[in-house]
Every structure is written in C-alpha cells, then in structure tokens.
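Student: Below is one structure. I have some questions about it.
Where a number appears in this text, it was derived from the coordinates with a stated rule and is not lab data. From a predicted model like this one, the values you see are computed outputs, not experimental measurements. As a convention, Cβ positions derive from the backbone with ideal geometry for all residues, glycine included, and neighbour counts pool all protein chains shown.
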Amino acid sequence: MSLDARGEVFSDEQTPPLVHDEALEGTGTIKQIAGKSPTQIALSRLRHDKVAVTCSAVLVFLVLLALFAPLITRAFDIYWDISDPNAPEVSDVLDFDGYPKIGPPFHPFTWAHPLGVAPRLGYDNLAYLLYGLRTSLLVALAATIASTIIGVSLGLMAGFSRGWLDRVISFVTDVFLAFPYLLGMLALAPIIVSRFTTDLDALARAQLITLISILVLFGWMGLTRLIRGQVLSLREREFILAAEVIGVPTRKILFKELLPNLVAPIVVSISLYLPGFVAAEAGLSFLGLGLTGTPSLGKMVADATPYYADYGLYLWLPVGAITLLTLSLNLLGDSVRDAFDPRSRR
C-alpha cells in the first residue's frame, strides 16, 4: 500500500493517481505522482543521514577485511598460526625473552609484519586481527539470524493466539530471561573441553557451535516480547479481523498480513543484536569460555593483557577493532531506529 500526493491510499498493483499540475496548464500534459512506501521513506532518510552513511562505510570496510583475510595474509605472507608449515620459525621473530625482534613497536616498521608480532606466541598481529574479526562477525551474524527467526516466530504465535499457547510461550520466555547465560557457559565449557581434548580441530568446531548456540539460546527473548506486544495491538485492527471473518488461514494472516507490518521493529532489533553479540563473543573468549582454538578478538585481548605495560600496541589493536565495530553498529542501529520511526525528525 502507498500514498499519493493527496494522502489517499492505493494498492501497489494499481496505477498511481494522475494529478493536474497548474504549472503545466495549457500544455495538455498531466503529471503522474508516484507514492512511496514506508520502507522507501526510511531508506531515503538513511541515505541522507551522514552518521548512517559513515558507519555503513566503516562496516563495509571491516566486512571486506574479514572476507578477504586469506588473500590479505597471503599477499603479506603473514600467518596467525605459527605451526603453519610456511610460517617462520619462532626463533626468527622472537628474542630469547619472548618479545618480538622485528616490527613495531620496538623495531622499525616493516611490511613483513606491519602491526608487529605477538610476544611469546609469535603469530603476526595483523593476520590474527583479520581472522579474529572474521570469527566475531561470523558468530554475531549467525547468532543474530537464528535469534531473529526464533524470536519473530514465537512472538507471532504468542501474540496472535488467545489461549494456552500464549501463556506457555510467555512462561518459557520469563524462565529464560531469569537464567544467566554466563552460568550456562561456565557449565558447558569444561564439558566440551574434556570431550574433545584429543582432537583440536573438533574442539575448535565444537566451541564455535557451542558459543553460537549459547548466544542464541539466551538471545531470542527480548525480540519475542517485542513482537508479541506489537501483534497484540495489530490483531485487533480491521484488516486482521476482516481476514479472519472471510476465512483466511492463520498461517497467511501471520506471514502475509502481520509480518509485513513488523519490519521496522525487526530491523531495529537486528541492528541492536549485532553489536551485543560481538561484545558477548569477545567477553566470553576473554574469560576463556568461548573460543580457544580459533582466532578471536576476545582471545587476543586475553593474550595481550599481561603485556599492556610493555607492549601496548598488542592490547590496543583488538580493543580498537572491537570498539570500532560495536560503535559503528550501535550508531547505525540508532540511525535505523530513527529512520523507521515515523514520529522521529532530525
């Protein structure tokens, strides 16, 4: 549905009304006015929002770095895993005391290691940073998609049903909200490590799947409550009541009538989920409860913490990447919320 220049509603399949333009009077020309949907209006606002454009450019840059991490590391001939057969020997990049003997900050800049080498571990900081960024974005994106699907589905069912199903979903949502996910991770992490101690590759995969599962398991409740509240309001509208009267199946009412009217809160929730999951992954990995065999920004922070006084660059690289990523996502989320809110004017 769209609006014409006079504020009248017409279907997207219909031809927009023809409006007589006084400036064209006497020329025999009639001006056709095209309406805009709410989504088109919101996207137009975003295009004219300098903060949204800047944050989008930063996010695109970070995503490209993550996607092309293998190509970048191959071009610089750098490695995040010092056990790689092509990687240099640890003795070639570290002194006897475990500190790097090539690259910044203790030595002049070199393209061989543009951001220096990790003390004691010997991996290249740039390579590890790129792969850690890749892991953080993968975890956040997978958790956001799964949480959104679960939250929207349960919220639609809870809000549209008027009986026991709504009470059951609401009770389960309250139970999960009351349970701290950190305790769940504390309980699962030792079990997973003990189960896969002999196979490091299987351990890394298990930790990645477990981390995403934990974030999803305790991340869908807020969106479920939000969608339920929206559906409770929408289900009493005339177009929903009319659809029920003429016998439209419930499935079509949920996904054809209600869901298109929930695009704005869903988009806003996604924009807020992403930075939250990025910070959660970094925090859990920093505590040793997330990823140990896979590059991670949080694990890099944990490795760099003992060297903050002598080797500040090692610590500020992952901290800066996390800050830039979460700040860009949060600011873009605020811009998306303002753009999809018809009462918001900047």
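Student: Given +1 on the Cβ of Lys and Arg, -1 on the Cβ of Asp and Glu, and no further charges, what dipole in debye does the chain carry about its Cα centre, rounded to the nearest 20? Spell out each step's value before the answer.
Tutor: Numbers: 26 positive and 30 negative charges, 193 e Å.
Using Cβ point charges on Lys, Arg, Asp and Glu, the chain gives about 920 debye.
Student: What's the FRET efficiency of Val248 with Ser170 using the Cβ-Cβ distance as r and R₀ = 41 Å, to the nearest 0.05? Walk me through the numbers on the way to the answer.
Tutor: On the way: r = 26 Å, r/R0 = 0.62.
Plugging the Cβ-Cβ distance into 1/(1 + (r/R0)^6) gives 0.95.
Student: A further question on this structure: Charges only on Cβ, +1 for Lys and Arg, -1 for Asp and Glu: so what's the dipole of the range 44-105 about the Cα centre, in debye to the nearest 20? Walk me through the numbers before you get to the answer.
Tutor: On the way: 5 positive and 8 negative charges, 156 e Å.
Roughly 740 debye, rounded to the nearest 20.
Student: Please list the non-local residues whose amide H lies under 5 Å from the amide H of Phe196, H modeled 1.01 Å from N, same-chain partners needing a gap of 5 or more.
Tutor: Distant-sequence amide H within range of Phe196: zero hits.
Student: Ordered by residue, what ³J(HN,Hα) values in Hz, to whole numbers, does the range 47-57 give under the Karplus form 6.51 cos²θ - 1.76 cosθ + 1.60, where θ = phi - 60° and Gly and Pro are x?
Tutor: 5, 9, 9, 5, 5, 5, 5, 5, 5, 5, 5
Student: Please give the Cα centre distance for the range 41-100 versus the range 177-256, rounded to the nearest Å.
Tutor: Result: 30 Å between the Cα centres.
Student: For the range 237-346, with only Lys/Arg (+1) and Asp/Glu (-1) charged at the beta-carbon, what is the dipole magnitude about the Cα centre, in debye rounded to 20? Intermediate values should be presented prior to the final figure.
Tutor: Numbers: 9 positive and 9 negative charges, 86 e Å.
In debye, rounded to 20, the range 237-346 gives about 420.
Student: Calculate the spin-label point distance for Phe76 paired with Val263, positioning each point 7 Å from the Cα along the beta-carbon direction, and give it in nanometres.
Tutor: Inter-label distance under the simple model: 4.0 nm.
Student: Along the Cα-to-C-beta direction of Asp97, a point sits 7 Å from the Cα; which residues of the range 116-140 have their amide N less than 15 Å from that point?
Tutor: 119-120
Student: Take the alpha-carbon positions of the range 226-334, form their convex hull, and give its projected area averaged over all directions (one quarter of the hull surface) in nm².
Tutor: Values: hull surface 38.2 nm².
Seen from a random direction, the Cα hull of the range 226-334 projects 9.5 nm² on average.
Student: Can you work out the PRE-style zone for Glu236? Point 7 Å along Cα to Cβ, and I want the residues of the range 252-282 with backbone N under 15 Å.
Tutor: Inside the label zone: nothing.
Student: Placing +1 on the Cβ of each Lys and Arg and -1 on the Cβ of each Asp and Glu in the chain, which of Leu241, Thr54, Val267 has its Cα farthest towards the positive end of the resulting dipole?
Tutor: About the Cα centre, the residue reaching furthest to the positive side is Leu241.
Student: Could you order peptides 233-239, 62-68, 215-221, 283-289 by the average number of other Cβ atoms within 10 Å of their residues, highest first? Before the final figure, lay out the partial values.
Tutor: On the way: 233-239: 12.0, 62-68: 15.6, 215-221: 21.3, 283-289: 19.4.
Top to bottom by mean Cβ count within 10 Å: 215-221, 283-289, 62-68, 233-239.
Student: Further, regarding this structure: Given an 8 Å cut-off on Cα distances and at least 6 residues of separation, report the relative contact order of the range 43-340 as a percent. Display every interim value, and only then the final one.
Tutor: Details: 370 pairs, mean separation 71.0, N = 298.
The normalised contact order for the range 43-340 reaches 24 percent.
Student: Here is a further query. Relative to a virtual label point 7 Å from the Cα of Arg120 in the Cα→beta-carbon direction, which members of the range 279-300 show backbone nitrogen distances below 19 Å?
Tutor: 285-300, by backbone N distance to the label point.
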